[in-house]
Amino acid sequence: DADTVAAAAITPVGDSAAPIPADRPLRVLVIGDSTAVALSSGMIEWAADHRDLLQVTSAAGIGCGLNPSGTPPPSDFDEYCAGIVDDLADTVTELEPDVVVALVTFRDLEDRTWNDDEGPLPITDERFQARLTDGYVLTSTWLLFAGAGTIVWLTPPQPALAQPDTAMADPERYTVYSAVLGELPSHFDGDVIVADFAEWFAAQDPPPDRHDGLHLSDDGA
């Protein structure tokens, strides 16, 4: 149908070596922050109506990033997210997902501190970018080791917030972050790819519904 064709049009960077099983649904695990939670809600609903094609599990959490390197600003969700990360390897090992879909919209784009002498660094700093790359390589490596088939990192769509001057809506952060993601496949042999979700999202007319300019509604997802 049209939705399936549109989804297939998202451009991947790199090639996936994982075959799609013909005798069972494709198993997908969604990880990341609240925008991944919102995305997974629509995927789970679609999978419920197409049980022969797709099985979707969400291990995403509100405010949860995927970069183990450095320290972001304190958050009310820190303890909650630490628990999700602690359980993630076991989740992957138990589920053996064919595909892990990873989406983070802001937590890993925030200023981050590695040592007191440097202080917080913005994502526009080359030191931040190098360490983010290393962190995502580490995350991808242990997900693959735990049993993931292919990891698909999504570039996040630019938020359309009521207050566009906030750091969360800074377009430069998203440009730099997407560029960092684009380098990830070069560190792997086809098991890690990047889908330009941001470009695809911006090309839709009308775009999928985001009730608050950030999170996809159930219909949008």
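The values are calculated or read from the model by the stated rules, or taken from the named source; none is laboratory data. If you're wondering where the values come from, they're calculated on a predicted model, not measured in any experiment. Neighbour counts run over all protein chains shown; Cβ positions are idealised from the backbone, glycine included. Side chains included, ligands, DNA and RNA excluded: accessible areas come from the protein's heavy atoms. Shrake-Rupley method; radii C 1.70, N 1.55, O 1.52, S 1.80 Å.
Structure notes:
- The residue pairs whose first member lies in segment 209-221 and is closer than 8 Å to residue 42 by Cβ and open to solvent by less than 40 Å² (accessible area, probe 1.4 Å), whose second member is outside any loop (DSSP other than H, G, I, E, B) and among the aromatic types (Phe, Trp, Tyr), and whose beta carbons are closer than 9 Å, counting only pairs six or more residues apart or on different chains, are 221/46.
- Of all the residues in segment 35-61, those that are under 23 Å from residue 131 (Cα atoms) and either of a type in the set (A, V, I, L, M) or open to solvent by 30 Å² or more (accessible area, probe 1.4 Å) (or both) number 2.
So that you can scan it fast, the table gives a plain yes or no per residue for (1) of a type in the set (S, T, N, Q); (2) part of a helix (DSSP H, G or I):
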{"site": "115", "(1), (2)": "yes, no"}
{"site": "127", "(1), (2)": "no, yes"}
{"site": "130", "(1), (2)": "no, yes"}
{"site": "139", "(1), (2)": "yes, yes"}
{"site": "142", "(1), (2)": "no, yes"}
{"site": "148", "(1), (2)": "no, no"}
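- Subset of segment 179-188 that is touching a helix residue (DSSP H, G or I) at 6+ places or on another chain (Cβ under 7 Å) and crowded, with 18+ Cβ neighbours inside 10 Å - its residue that is farthest from residue 112 (Cα to Cα): 184
- Members of segment 128-147 that are hydrophobic (A, V, I, L, M, F, W, C) and open to solvent by less than 10 Å² (accessible area, probe 1.4 Å): 128, 132, 143
- Answer residue from segment 189-203, given it is modelled with pLDDT under 95 and part of a loop (DSSP other than H, G, I, E, B) and is least open to solvent (accessible area, probe 1.4 Å) among those: 190
- Scan of segment 108-122 for residues that are surrounded by fewer than 23 Cβ atoms within 10 Å (Cβ to Cβ) and not polar (S, T, N, Q), ordered by number: 110, 111, 114, 116, 117, 118, 119, 120, 121, 122
- The residue pairs whose first member lies in segment 68-87 and is open to solvent by less than 50 Å² (accessible area, probe 1.4 Å), whose second member is among the aromatic types (Phe, Trp, Tyr) and modelled with pLDDT of 95 or more, and whose beta carbons are closer than 9 Å, counting only pairs six or more residues apart or on different chains, are 69/114; 69/136; 70/114; 70/128.
- Output for segment 148-178, where each listed residue is among the hydrophobic types (A, V, I, L, M, F, W, C) and either over 18 Å from the mean Cα position of the chain (by Cα) or open to solvent by 50 Å² or more (accessible area, probe 1.4 Å) (or both): 160, 161, 162, 167, 168
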